[in-house]
1. What is the ratio of the Cα radius of gyration of the chain to 2.2 N^0.38 Å, with N the residue count, to two decimals?
2. Taking only C-alpha pairs under 8 Å that are 6+ residues apart, what is the relative contact order of the chain in percent?
3. In debye to the nearest 20, how big a dipole does the chain give about its Cα centre with +1 on each Lys and Arg Cβ and -1 on each Asp and Glu Cβ?
4. Using only DSSP helix segments of four residues or longer, with each worth -39500 (n - 2.57), what per-residue ellipticity at 222 nm results for the chain after dividing by its residue count and rounding to 500?
Amino acid sequence: MRIDKFLNSVNLTKRRTVAQDMIGEGVVYINGKAVKPSKNVAVGDIITLIYLDKEMKYEVLAIPTIKSTPKSQQHLYVKELS
């Protein structure tokens, strides 16, 4: 699954366009490398999101098969590391 779709489907961003904007600004990393929106996510990858005041890291636990997952099931797909 593409990183922009993944961020949206597991509720790390509100909309896919927000995810694409963040990627375009260079604040989204997978395993320490800046990515493009078309980069595929794999189980075990570490996603880093850099905000103005903090940096959040998430480990990919599973790839969703549906377009949008409920917020209550986010823990099935990503684990917050920091």
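Rule-based calculations on the coordinates, nothing more; no lab input. Since the model is a prediction, treat every value here as computed from it, not as a measurement. Positions of Cβ are generated from backbone atoms using ideal geometry, with glycine treated the same way; all protein chains shown enter the neighbour counts.
1. 0.96
2. Relative contact order here is 30 percent.
3. Charge dipole, the chain, about its Cα centre: 300 debye, nearest 20.
4. -5000 deg cm²/dmol
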